[in-house]
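Asker: Here it is, the structure, as structure tokens.
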Amino acid sequence: MNKSDLIEKKEIEVEELIFVSAKTGNGINRLKQEIIKNVDIQKFDLTGGIISQLSAAEKSLKAINQAIETTEAEKGLEFIAFDLHEASEYLEEIIGKISSEDIINSIFDRFCVGK
């Protein structure tokens with residue numbers, strides 16, 4: 001039950017409920033513990049999928065940050081495009097193939113390139 005910070009101090013005792021406040025953070029750790037306790041982690045193969053997806057996401061973020069730095073350094077568009085292409089390749093590992101044409105169209109739709 002969220003918004004426990006708005007509940008009056010009258011204690012409501014229901015075993016099945018976990019009181020949390022997204023605003024203050026109260027109860028979040030208990031909620032996490034209960035989720036972990038009640039999820040049968042043995043059913044999931046965590047050796048591949050999630051770990052490799054997290055790794056790909058981190059690499060993509062690093063490439064995006066590099067593209068931002070390249071942009072701020074006012075380097076050529078080809079360097080920015082290289083960084084973004086690298087980021088998209090990592091994202092492809094997670095969500096599937098993204099065509100280069102889609103990326104180029106998106107760039108031209110959002111930015112006035114070549115002026």
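Asker: Name the one entry in GLN33, GLN42 that is more than 30 Å from LEU84 (Cα to Cα) and at pLDDT below 75.
Answerer: Residue meeting the stated conditions: GLN42.
Asker: Another one. Out of all the residues in the stretch 45-78, which are assigned to a helix (DSSP H, G or I) and modelled with pLDDT under 85?
Answerer: Listed by number, the residues that qualify are GLY49, ILE50, ILE51, SER52, GLN53, LEU54, SER55, ALA56.
The values are calculated or read from the model by the stated rules, or taken from the named source; none is laboratory data. In this text, all values refer to a predicted model and were calculated from it rather than measured experimentally.
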